[in-house]
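Here the structure is laid out as structure tokens; the discussion comes afterwards.
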Amino acid sequence: MRINGADFDWDLTRVQALRSDPPGQVQTQKHRQRVFGAALEQFDGLARASGGVPLPIAPILLFYALAQANQAISAARTLGNRWRPVGHGLAITAPSDVLGEVLVSPDGGDQSSFRLFCSAIRSASLTAPVSLGELWAAVGMLRCVAGMGSDHREGLRLSTRGDDRAYIGGPLADHLGTTNSEAEQTLAARLSASYPTATEAIRVEEFGSIGSEEPGALVSWVDCEGERRKVEDVFPPFLGSGGGAILPPALSSGDVIEPVAAWWAVLLALSSVARYRPDLWRASLDRDRTPIAIAVEDGIARTRELMPIIVMWAITGQGWNR
């Protein structure tokens, strides 16, 4: 798979180049430097190997690639002495034979791998169980279908118009009212309820059917003087400059975690099901029997293609090579 702006092999070499010029805490602490280099070496090998195995095995290698990279991320970004990850930090259980109903629950303290990753990327963590389908939808980069994400709020990808306006379409922009003022109040209330980070002052500039049959709204966010703000100043781009913004939805647990943190949890869940529920995993990939098979295949391919960018961004704050 090719995703615009991503180049798996080149992005892996960018990550490896950090070993000779490490950032953050690694520069001045030899013991962190040793962990940083060894972890990124293992990350590189596992990530590359994930492309040479059958699809049912790929999530296992991909998760452990990310887990090893997380040691380097923690070495670079975590202050204090408790920077070495201890345990995954999430427990995975399958209450049924439906992949989207797999439960992901917090399990571990502040030094767990998931909690340290969330801290490194400045994300909240999970405080209560949520389903895999819900996390899948929250990523905003994965295809949602019946049984895998379509019945949950999706991460809202903002389609920018220039650098200071964005287009919002679909149900959020339906029946907003008859005036721009009514539309602003309605849209602000809907965003606040579903996407709590979207609390900035919003201005609706156009609404209705804007160049398509679905309802939509062309919006901007304004400062205290009513001047438009750059969208990226209000909502940081996904995986760094050029990535566009994805607004994280409120989960059923009440948590609002960053899309990349949701992706980390999704990958752990997929790898755990592949390891401990191979029967469920095989059934979920059966193209002749389930509509989620193609979506899951596509999700695994997307995860592999973007993983070097995720790691680069988590370590340095700069992801896309655009």
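The values are calculated or read from the model by the stated rules, or taken from the named source; none is laboratory data. What you are looking at is a predicted structure, and each value in this text was computed from that prediction instead of being measured. Quick reminder, even Gly has a Cβ in these numbers, built from the backbone with ideal geometry, and neighbours come from all protein chains shown. In case anyone asks, the SASA skips ligands and DNA or RNA and just uses the protein heavy atoms, side chains included. Shrake-Rupley method; radii C 1.70, N 1.55, O 1.52, S 1.80 Å.
Looking at residue 253, is it open to solvent by 10 Å² or more (accessible area, probe 1.4 Å) and either at negative phi or assigned to a loop (DSSP other than H, G, I, E, B) (or both)? Criteria met by residue 253.
One line per residue, one yes/no per condition, for (1) in a helix (DSSP H, G or I); (2) of a type outside the set (S, T, N, Q); (3) surrounded by 24 or more Cβ atoms within 10 Å (Cβ to Cβ):
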{"site": "271", "(1), (2), (3)": "yes, no, no"}
{"site": "295", "(1), (2), (3)": "yes, yes, no"}
{"site": "302", "(1), (2), (3)": "yes, yes, no"}
{"site": "305", "(1), (2), (3)": "yes, yes, no"}
{"site": "311", "(1), (2), (3)": "yes, yes, yes"}
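Within the stretch 91-111, residues that are at positive phi sit with their Cβ atoms under 7 Å from residues that are open to solvent by less than 40 Å² (accessible area, probe 1.4 Å), at 6+ positions apart or across chains, in these pairs: 108/89. For the criterion of being open to solvent by 60 Å² or more (accessible area, probe 1.4 Å), of a type in the set (Gly, Ala, Ser) and touching a residue at least 12 places away in the same chain (Cβ under 8 Å), residue 193 passes. Here no helices (runs of 4 or more DSSP H) wholly within the stretch 4-112 include at least 1 residues being out of contact with any helix residue (DSSP H, G or I) (no Cβ under 7 Å at 6 or more places or on another chain), at pLDDT below 95 and open to solvent by less than 50 Å² (accessible area, probe 1.4 Å).
Rundown of residues vs (1) more than 17 Å from the chain's Cα centre (by Cα); (2) among the acidic types (Asp, Glu), yes/no style:
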| position | (1), (2) |
| --- | --- |
| 82 | yes, no |
| 93 | yes, no |
| 103 | yes, no |
| 108 | yes, no |
| 121 | no, no |
| 132 | no, no |
| 140 | no, no |
| 151 | yes, yes |
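Okay, residues lined up against (1) over 16 Å from residue 311 (Cβ atoms); (2) β-branched (Val, Ile, Thr); (3) touching a residue at least 24 places away in the same chain (Cβ under 8 Å):
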residue: 3; (1), (2), (3): no, yes, yes
residue: 9; (1), (2), (3): no, no, no
residue: 17; (1), (2), (3): no, no, no
residue: 22; (1), (2), (3): no, no, yes
residue: 27; (1), (2), (3): yes, no, no
residue: 34; (1), (2), (3): yes, no, no
residue: 40; (1), (2), (3): no, no, yes
residue: 58; (1), (2), (3): yes, no, yes
residue: 69; (1), (2), (3): no, no, yes
